[in-house]
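The values are calculated or read from the model by the stated rules, or taken from the named source; none is laboratory data. Being a predicted model, the structure only gives us computed values, none of them experimental. Note that we place each Cβ from the backbone using ideal geometry, even for glycine, and neighbour counts take in every protein chain shown.
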Amino acid sequence: MRKNLLCTCLLVLLSATMPFFAESPPSGISKEFIYTEAPFPSAHASTLVQLVNGDILAAWFGGAKEGATDVAIWGARRTSAGWSAPFLLVREPNVPCWNPVLFETHDGRLWLYYKYGRNVREWTGARLVSKDQGKTWSQPEHLPAGLLGPIKDKPLVLENGTIVSGTSVESYSAWAVWVDRSTDNGATWHRSGPITVPTRLMPSPALFQPPLKPGSEQVTGIIQPSVVQLGKKHLRLYARSTRDIGRICAADSYDDGVTWTDAHPMDLPNPNSGIDAVGLKDGRVVLIYNNTTTGRTPLNLAVSKDGEHFTMFSTLEDQPGEYSYPAIIQGRDSNLYATYTWNRKRIAFAKIPLSSVH
């Protein structure tokens, strides 16, 4: 009896410290935890970027729980030796931080945008910049009122250096997407929007959504867009939607992001949870999202040749729990790399071989 108990305890201990998942999806996709021990119990909203030397830098917010005053932006670096221990990137005094976004501009600078405030309706945008691939960072720069920066997902940096950054605003009763555009590496910005789903395009009835509880707040709209390039000047954004829409929504620009169409619901479901997209070098688009209208499991990958019609090709997670707020990039080796929230306790990392995307 004692022997069995000892073996059980040993297995539990090993599973708590093991950096790699016991099971991986098919097609050569590999998954691992960025960390198994950290100075914070809760983590969410990750981002990642591949550096010039091939290392991967990830960031997320971590603290006691979402919205707690100790929530700061943390990071980790993945080298050929594996992931570093989590390290503090930035903290705002006595106020929580939210939704970091990492990306590089063509002048070689590495940017970290984030938000801080007691809640989403009180956010202020802020950023750090690194000129040495994330080894050292500038002091935090707090952005002017109304400028939040990329709200969750990486911006699209066009070949000419223009930054097309998806952002959004959440009020008490309505959400809307906006696009901020900069032609001077983030020194100044010009905004387009609001981008919304017109009433005529709203799905009716909503997809399989249970009725609201009496007294529940009814919010409608779309937020947290991810921008990709489909053609020479044709850009498309994909956005998270509220429960009355229940689908991933898309809008288009045909002038490199200066003006945008209305958004329309697509065939892919959305449970009011964050998504991300990446345009591949071969012209296809990959979405990482929760393929459900309720909850935040499963977490899935889908691919499209035209940016509108998607085929799911992998399920990263399908167990009970929360697997959410993903980020995805295509690496210099053409393979895909993703991070996501794992049950609000850890940040998971996945490598998706390009050969598995079909």
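Some notes on this structure:
- With respect to the conditions (1) in a loop (DSSP other than H, G, I, E, B); (2) farther than 15 Å from residue 45 by Cβ; (3) among the aliphatic types (A, V, I, L, M), residue 128 lacks only one, and its number is (1).
- Which listed residue, of 240, 296, is assigned to a strand (DSSP E or B), on the phi < 0 side of the Ramachandran plot and not aliphatic (A, V, I, L, M): 240
- When 301, 280 are checked against the criterion of being over 19 Å from residue 224 (Cβ atoms) and either among the β-branched types (Val, Ile, Thr) or modelled with pLDDT of 95 or more (or both), a single residue qualifies: 280.
- Any pair with Cβ under 9 angstrom, 6 or more apart, that starts in the range 314-342 at a residue that is under 13 Å from residue 301 (Cβ atoms) and ends at one that is at pLDDT below 95 and among the charged types (D, E, K, R): none
Table: residues versus (1) within 15 Å of residue 352 (Cβ to Cβ); (2) surrounded by fewer than 18 Cβ atoms within 10 Å (Cβ to Cβ).
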{"residue": "254", "(1), (2)": "no, yes"}
{"residue": "265", "(1), (2)": "no, no"}
{"residue": "269", "(1), (2)": "no, no"}
{"residue": "276", "(1), (2)": "yes, no"}
{"residue": "282", "(1), (2)": "yes, yes"}
{"residue": "285", "(1), (2)": "yes, no"}
{"residue": "288", "(1), (2)": "yes, no"}
{"residue": "300", "(1), (2)": "yes, no"}
{"residue": "306", "(1), (2)": "no, yes"}
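- Residue that is in contact with a Lys or Arg (Cβ under 7 Å, 6 or more places away or on another chain) and buried (at least 18 other Cβ atoms within 10 Å of the Cβ), where the choices are 74, 111: 111
- Among the residues of the range 299-328, those that are of a type in the set (D, E, K, R), farther than 26 Å from residue 156 by Cα and not in a strand (DSSP E or B) comprise 318, 322.
- Residue within the range 17-30 that is surrounded by 12 or more Cβ atoms within 10 Å (Cβ to Cβ), modelled with pLDDT of 90 or more and within 20 Å of the chain's Cα centre (by Cα) present: yes
- Of residues in the range 52-71 being among the small types (Gly, Ala, Ser) and buried (at least 18 other Cβ atoms within 10 Å of the Cβ), the one farthest from residue 130 (Cα to Cα): 63
- Just one of the listed residues (256, 318, 252) is touching a Ser or Thr at 6+ places or on another chain (Cβ under 7 Å) and over 30 Å from residue 163 (Cβ atoms), and it is 318.
- Under the condition of being assigned to a loop (DSSP other than H, G, I, E, B), modelled with pLDDT under 95 and among the polar types (S, T, N, Q), the residues counted in the range 172-202 number 1.
- When the range 233-245 is filtered for residues that are more than 22 Å from residue 329 (Cβ to Cβ), surrounded by fewer than 24 Cβ atoms within 10 Å (Cβ to Cβ) and either at pLDDT 95 or above or in contact with a strand residue (DSSP E or B) (Cβ under 6 Å, 6 or more places away or on another chain) (or both), the ones remaining, listed by number, are 233, 242, 244.
- Yes/no for residue 169 being within 19 Å of residue 225 (Cα to Cα), part of a strand (DSSP E or B) and touching a residue at least 60 places away in the same chain (Cβ under 8 Å): no
- Matching residues, the range 271-281, being within 19 Å of residue 154 (Cβ to Cβ) and either of a type in the set (Phe, Trp, Tyr) or part of a loop (DSSP other than H, G, I, E, B) (or both): 273, 274, 275, 280, 281
- Test: residue in the range 312-325 that is touching a Leu at 6+ places or on another chain (Cβ under 9 Å) and more than 27 Å from residue 76 (Cα to Cα): yes
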